[in-house]
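Enquirer: Dropping a structure here in structure tokens format, bear with me for questions.
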Amino acid sequence: LYHSSSYGVQRICPPALVEKRLVEGHDIFEKMDKTNYEIRKKIKTGVTMNLNDLVKFIGCSEINFDLVELLASADYSIQNLPQKKIRSQGVEGVDFPSIGLSLTFKDRTAYETRNAPAKDAGKAILAAVFAYGSGSEVFAPYAGPIPFSSGAIVNRTDALRELGPPLKTEVDEDDGIIEWDQWIKGELQLRAEYRADGSLIVFSFSTPLQ
């Protein structure tokens, strides 16, 4: 449809098209409201992020909206990352003691030099995720699901049963105690560090160092 006026001939959208665009716009805002509600709901009800959520974002940065959402569900704003410190020191940790998790972000240059190409164009790259076992003075034992495992891993026996033979094992030369095992699963490097009795100290997920 067209309308002639002092400004010349102008195109007028048919009413059906106008209605369609209004509906599409409403759907977009409804989706945004739903997303924000789900974030608030997770914070309010104490639903926590876990390793399965986090490891898929290794290599992503502060500009990844899904990662931003995930950290917000744990009441952390990725905007709090000290960008200046990351640039100067190359690395920064973000701890979640109550759920037994810790994250390491690296400066983009440091990450791509030592690890792998980043997955987006951001500056602070999620480089590693740590899950703690029992006995830490700072972190509660991680109690969520573990990637590549069908059950809990609290000691070396569990780790070998769930993950199979390790690619590498570090043994103390003096006392013969096994300090850690390491696996490669897909694009991820997994490492389990143990105490002398074989109980788990910490489990880490990262991209392999080059």
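The values are calculated or read from the model by the stated rules, or taken from the named source; none is laboratory data. All figures in this text were calculated on a predicted structure; none of them were measured in a lab. Reconstructed Cβ throughout: ideal geometry from the backbone, glycine too, with neighbour counts over all protein chains shown. For the accessible areas, the whole protein counts, side chains as well, though only heavy atoms, and no ligand, DNA or RNA atoms are used. Shrake-Rupley method; radii C 1.70, N 1.55, O 1.52, S 1.80 Å.
Enquirer: Looking only at segment 157-171, filter to residues that are of a type in the set (D, E, K, R) and surrounded by fewer than 14 Cβ atoms within 10 Å (Cβ to Cβ); which one of those is nearest to I63 (Cα to Cα)?
Expert: Here is the first cut: in segment 157-171, the residues of a type in the set (D, E, K, R) are 158, 161-162, 168, 170.
Remaining after also requiring surrounded by fewer than 14 Cβ atoms within 10 Å (Cβ to Cβ): 161, 168.
Working: R161: 37, K168: 34 Å.
My answer is K168.
Enquirer: Working carefully through the options E137, E92, E112, find the one that is under 24 Å from T48 (Cβ atoms) and open to solvent by 60 Å² or more (accessible area, probe 1.4 Å). Before the answer, list the steps.
Expert: On the way: E92 fails: open to solvent by 60 Å² or more (accessible area, probe 1.4 Å); E112 fails: under 24 Å from T48 (Cβ atoms).
One residue alone meets the criteria, E137.
Enquirer: Let me ask something additional. Of everything in segment 172-193, what is assigned to a loop (DSSP other than H, G, I, E, B) and loosely packed, with under 13 Cβ neighbours inside 10 Å? Give them in sequence order. Walk me through how you get there before you give the answer.
Expert: Initially, segment 172-193 is screened for residues assigned to a loop (DSSP other than H, G, I, E, B), giving 172-177, 186-187.
Selection gives D172, E173, D174, D175, G176, G186, E187.
Enquirer: Look through segment 184-210, keep the residues that are out of contact with any Phe, Trp or Tyr (no Cβ under 8 Å at 6 or more places or on another chain) and either of a type in the set (V, I, T) or free of Cβ contacts under 8 Å to residues at least 60 places away in the same chain (or both), and return whichever of them is farthest from A159 (Cα to Cα).
Expert: Only one residue tops the list, namely T207.
Residue by residue, here is whether (1) open to solvent by 20 Å² or more (accessible area, probe 1.4 Å); (2) closer than 15 Å to F57 by Cα; (3) of a type outside the set (A, V, I, L, M, F, W, C) holds:
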| residue | (1), (2), (3) |
| --- | --- |
| P97 | yes, no, yes |
| L101 | no, yes, no |
| T104 | yes, yes, yes |
| D107 | yes, no, yes |
| P145 | yes, no, yes |
| N155 | yes, no, yes |
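Enquirer: Which one is farthest from T207 (Cα to Cα), of the residues in segment 60-82 that are outside any helix (DSSP H, G or I) and open to solvent by less than 40 Å² (accessible area, probe 1.4 Å)?
Expert: The qualifying residue farthest from T207 (Cα to Cα) is A74.
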